[in-house]
Amino acid sequence: MRQTLCNGSLSLIATLVACPAVAEVASLKENQPPVHSELSFARELKDMFRFSGFGTLGVAGSDEDRADFVSTITQPHGPGYTRDWTAALDSRLGVQLTFLPTDKFSAVVQVTTEQEWDNSWEPDIEWAFVQYDLTSNLSIRAGRMVVPLFMFSEFRKVGFALPWVRPPGEFYFVPYHTSDGLGVLFKHNFGDVRYTFYGTYGQDDSRLHEGIHSKWRQGFSLSNTFEYKDTSFRASYSSAKMTFEERDDALALFKTFGPQGDAIYDEFSLRDREYTQLAFGIWHNPGKWFAGGEWSRGFSDSYIQPGDTWYITSGYRFNKLTPYLMYSKTRRDHGSTPQLSGPPATVGPLNDFLFALTGPLRQSTITVGTRWDFAENAAFKVQLDHIMTEENSNSLLWNVQPDFDFGDSVNVLSFTVDFVF
Amino acid sequence: MKNLHVKLATLGLVLMCTAVEAAAEVVMVVGRNSPIQSLSRHDITDIFLGNATSLPNVGKVTPLDQGDESVRAEFYQDFTGRNLSQIKTHWARNIFTGRGYPPKAVNSIDELKSLLQRNPKAIAYVRPEKVDESMRVLTLK
């Protein structure tokens with residue numbers, strides 16, 4: 001769904017792959033007599049390419065028929081109102097080609113296919129970057145890369161790499177995941193503490209639910225991870241200027257209502273509005289069990305409500321079975337939701353729209369499930385999500401019907417098989 | 001005579017390390033000409049999980065995995081406390097974020113010997129009975 005820049009990244013990679021100079025340098029290096037014997041580990045052409053992939057086959061059902069449960073902001077529908085059971089919620093496939101011509105240079109292209117906003121399964125480029133290692137601890141990247149917003153962001157689509165069926169919705173339901181631009185990776189050991197920095201700067205164009213054009217500009221994300229033995233601590237700061245085209249066009253209708261409408265538009269305009277986020281995470285995994293959580297605070301003067309989101313989770317491994325629990329909660333609120341005054345028949349729908357856009361977002365979920373590692377490269381998971389909506393609040397449910405009572409709970413049962421190859 | 005010394009020395013090392021590592025099902029080995037002397041368990045974990053790619057005074061090192069699942073499982077259980085699914089999960093997180101690949105896996109003891117001989121900076125683990133004069137068993141710090 002992101003055509004604008006992916007052609008550029010692809011051709012850059014194609015050029016590099018085809019670049020005879022790179023190949024020559026590599027072959028020169030390998031044709032030298034094996035003075036330093038690591039060179040005798042000749043990197044032949046076939047060793048320069050690695051092909052890998054991941055995928056999930058899943059089916060999920062809901063006991064609610066007045067609203068859909070979705071797992072990303074892009075999905076048009078999910079189990080619930082649209083249908084009782086669906087395979088489209090969690091199923092996806094990803095393939096990756098890595099090019100490693102020398103010790104210092106690498107290029108990665110990863111393409112994923114999953115349900116898009118228009119019901120298509122059109123492949124999307126998740127990663128497409130070239131990387132150069134300036135030293136063994138410092139690398140720079142250019143191209144498309146996933147933004148390290150949260151602990152699981154970079155591999156949130158790789159079900160096999162997650163303890164649960166999917167990352168907690170309250171936390172990972174964000175309209176912005178990749179960035180076309182530059183990245184820096186740095187690592188350093190402070191005694192027994194391993195420090196990793198990953199920073200990205202760039203922009204993103206994508207299509208969300210209902211085909212909304214989402215644009216992020218001047219987006220940067222700085223992530224710091226400290227690992228000590230089996231415990232890691234993470235702190236990150238992210239910021240971007242966001243635009244939601246069609247939502248802004250709709251909001252512009254308020255300007256036809258005189259000064260009060262102008263004031264509303266000025267406050268909530270969805271064009272180039274700054275959004276900033278702080279996130280902290282902690283994770284402990286000695287092998288036999290795990291426990292962790294993340295907390296984030298969003299700062300915004302528009303659209304995306306400012307506020308706090310957090311989750312805690314834990315699991316215990318009984319050989320190949322790892323049952324887990326999770327609790328996640330979001331409370332986001334502008335404080336007050338403006339209302340347009342006038343004849344109810346005229347302003348009613350507009351006020352409802354405004355509430356849906358800027359009103360409070362409060363929701364929490366209790367998740368219980370288990371992962372069964374039935375093979376070395378495949379896992380089966382079963383998970384039950386109990387989603388609690390709140391009165392006078394929005395939720396992360398989609399296609400909510402007028403007879404849905406906010407305050408009600410929704411149960412979603414999911415079965416998945418995750419695999420890597 | 002020289003050969004006998006080497007054999008005796010190797011035997012001695014093997015016996016010594018087997019004694020030290022009595023609980024372990026695998027021993028760490030390098031080629032006979034390797035500059036790698038001794039490693040801590042922490043070093044080994046870091047190298048095999050891709051958290052470290054080089055050693056002080058040695059430079060870039062090359063870990064080698066065993067194709068044999070039972071030997072591999074024993075090694076990772078012993079050194080990391082994790083089963084093979086967990087190790088696979090660790091690598092899935094690295095591979096699909098462009099952060100690296102697991103060690104190359106060798107499928108026979110002959111392939112392992114040949115790789116250790118060709119690359120003095122390669123590190124491997126083997127069952128103690130597979131150790132021969134082409135390898136040197138690493139003492140663990």
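Percent relative contact order of chain A, based on C-alpha pairs within less than 8 angstrom and at least six residues apart?
For chain A, the relative contact order is 14 percent.
Output the DSSP H helices from chain A with an along-axis C-alpha extent of no less than 15 Å and a mean Kyte-Doolittle hydropathy no less than 0.5. Could you put the intermediate results ahead of the total?
Details: long enough: A:3-18 (23 Å, 1.23); A:20-31 (16 Å, 0.07); A:258-268 (16 Å, -0.78); A:344-358 (20 Å, 0.85).
In chain A, the long hydrophobic H runs are A:3-18, A:344-358.
Show the residues, 5+ positions off or on another chain, whose built amide H is closer than 5 Å to the amide H of A:Asp230.
Long-range HN contacts for A:Asp230: none found.
If the elastic network links every pair of Cα atoms under 10 Å, which of A:Ser238, A:Ser364, A:Ser136 fluctuates the most in the Gaussian network model of chain A?
Evaluated over chain A, the most mobile residue of the options is A:Ser136.
Have a look at A:Asn189, A:Pro163, A:Phe129 and report the one farthest towards the positive end of the charge dipole of the range A:88-216, computed about the Cα centre with Cβ charges (Lys/Arg +1, Asp/Glu -1).
In the range A:88-216, that residue is A:Asn189.
I need the P(r) histogram for the protein assembly as shown: all alpha carbon pairs, bin width 10 Å from 0 out to the longest distance, whole percents.
Reading the bins upward from 0: 3, 16, 25, 24, 15, 9, 5, 2, 1, 0, 0.
Report the relative contact order of the range A:317-401, percent, no decimals, based on alpha-carbon pairs under 8 angstrom and at least 6 residues apart.
RCO, the range A:317-401: 33 percent.
Using just the alpha carbons, could you tell me how many Å³ per residue the convex hull of the range A:177-295 encloses?
Values: hull volume 15.5 nm³, N = 119.
For the range A:177-295, the hull spanned by Cα atoms encloses 130 Å³ per residue.
Diagonalise the Cα gyration tensor of the range A:277-421 and give the resulting equivalent ellipsoid semi-axes, square root of 5 times each eigenvalue, largest first, whole Å. If you can, show how the numbers build up before the last one.
On the way: eigenvalues 287, 67, 27 Å².
Sorted largest first and rounded, they come to 38, 18, 12 Å.
Given R₀ = 56 Å, FRET efficiency for A:Leu134-A:Asp405 by Cβ-Cβ distance, to 0.05? Present the calculation step by step, with values, prior to reporting the outcome.
On the way: r = 58 Å, r/R0 = 1.03.
Efficiency computed from Cβ-Cβ geometry: 0.45.
Using Cα positions and a limit of under 24 Å, work out the lysines in reach of A:Lys255, with same-chain residues fewer than 8 apart set aside.
A:Lys215, A:Lys241
Give me the distance in nm between label points sitting 7 Å out from Cα along the Cα-to-Cβ direction at A:Ala356 and A:Phe49, one decimal.
In this crude label model, A:Ala356 to A:Phe49 measures out at 4.7 nm.
Among the aspartates and glutamates, which have Cα under 12 Å from the Cα of A:Lys288 when same-chain residues fewer than 8 positions away are ignored?
Within the straight-line cut-off, A:Lys288 pairs with A:Asp230.
Can you compute the FRET efficiency between A:Trp295 and B:Glu69 using 1/(1 + (r/R0)^6), with r the Cβ-Cβ distance and R0 = 45 Å? Round to the nearest 0.05. Spell out each step's value before the answer.
Working: r = 40 Å, r/R0 = 0.88.
For R0 = 45 Å, the calculated efficiency reads 0.70.
What is the spin-label model distance, in nm, from A:Asn377 to A:Asp249 if the labels are put 7 Å beyond Cα along the C-beta direction?
4.6 nm
May I ask you to list the trypsin sites (Lys or Arg not before Pro) in the range A:92-145 that are in a DSSP loop and have at most 15 other Cβ atoms within 10 Å of their Cβ? Each step should come with its number before you reach the end.
Details: sites: A:Arg92, A:Lys104, A:Arg141, A:Arg144; in loops: A:Lys104.
Loop-located and lightly packed - A:Lys104.
Scale the Cα Rg of the range A:84-168 by the rule-of-thumb value 2.2 N^0.38 Å and send over the ratio, two decimals. Please list the in-between numbers first.
Numbers: Rg = 15.4 Å, N = 85, 2.2 N^0.38 = 11.9 Å.
In units of the globular-protein estimate, the range A:84-168 measures up at 1.29.
Using +1 on the beta carbon of Lys and Arg, -1 on that of Asp and Glu, and nothing else charged, what's the dipole of the range A:49-420 about the Cα centre, debye to 20? Let's see the in-between values first.
Working: 32 positive and 46 negative charges, 299 e Å.
Charge dipole of the range A:49-420: 1440 debye, to the nearest 20.
Once you put a point 7 Å from the Cα of A:Arg66 and another 7 Å from the Cα of A:Gln260, both along the Cβ direction, what distance in nm separates them?
2.9 nm
Based only on other Cβ atoms within 10 Å, what is the fewest-to-most ordering of A:Lys288, B:Lys113? It would help to have the intermediate numbers written out before the result.
Numbers: A:Lys288 11, B:Lys113 19.
Listing A:Lys288, B:Lys113 from fewest to most nearby Cβ atoms yields A:Lys288, B:Lys113.
I need to check one value: relative contact order of the range B:48-116, counting alpha carbon pairs closer than 8 Å and at least 6 residues apart, in percent. Kindly include the intermediate steps, with their values, before the conclusion.
On the way: 51 pairs, mean separation 26.5, N = 69.
Dividing the mean separation by the residue count of the range B:48-116 yields 38 percent.
Per DSSP helix of 4 or more residues, -39500 (n - 2.57); summed, then divided by the residues of the protein assembly as shown. What does that give at 222 nm, rounded to the nearest 500?
Details: 12 runs with 130 residues, N = 562.
Calculated from helices alone, the mean residue ellipticity at 222 nm is -7000 deg cm²/dmol.
Can you tell me which of A:Ser409, A:Ser62, A:Ser179 moves the most in a GNM of chain A? Springs connect C-alpha atoms under 10 Å apart.
Among A:Ser409, A:Ser62, A:Ser179, the largest mean-square fluctuation in the Gaussian network model of chain A belongs to A:Ser409.
Which of A:Lys157/B:Lys121; A:Lys104/B:Lys113; B:Lys60/B:Lys104; A:Lys46/B:Lys121; B:Lys121/B:Lys141; B:Lys60/B:Lys141 have a Cα-Cα distance over 24 Å? Kindly include the intermediate steps, with their values, before the conclusion.
Numbers: A:Lys157/B:Lys121 36 Å; A:Lys104/B:Lys113 27 Å; B:Lys60/B:Lys104 15 Å; A:Lys46/B:Lys121 22 Å; B:Lys121/B:Lys141 18 Å; B:Lys60/B:Lys141 20 Å.
Listed pairs above 24 Å: A:Lys157/B:Lys121; A:Lys104/B:Lys113.
Return A:Met242, B:Met28, A:Met48 ranked ascending by Cβ neighbour count within 10 Å, so the fewest neighbours appear first.
On the way: A:Met242 22, B:Met28 26, A:Met48 17.
Neighbour counts put them in this order, fewest first: A:Met48, A:Met242, B:Met28.
Based only on other Cβ atoms within 10 Å, what is the fewest-to-most ordering of A:Trp121, A:Trp372, A:Trp216?
Numbers: A:Trp121 14, A:Trp372 17, A:Trp216 23.
Ordered by Cβ neighbours within 10 Å, fewest first: A:Trp121, A:Trp372, A:Trp216.
Read the figures in this text as sums done on the coordinates, not as results from a lab. Note that the structure is a prediction, hence the values are computed from the model and not measured. All Cβ positions, even for glycine, are placed from backbone atoms using ideal geometry, and neighbour counts span all protein chains on display.
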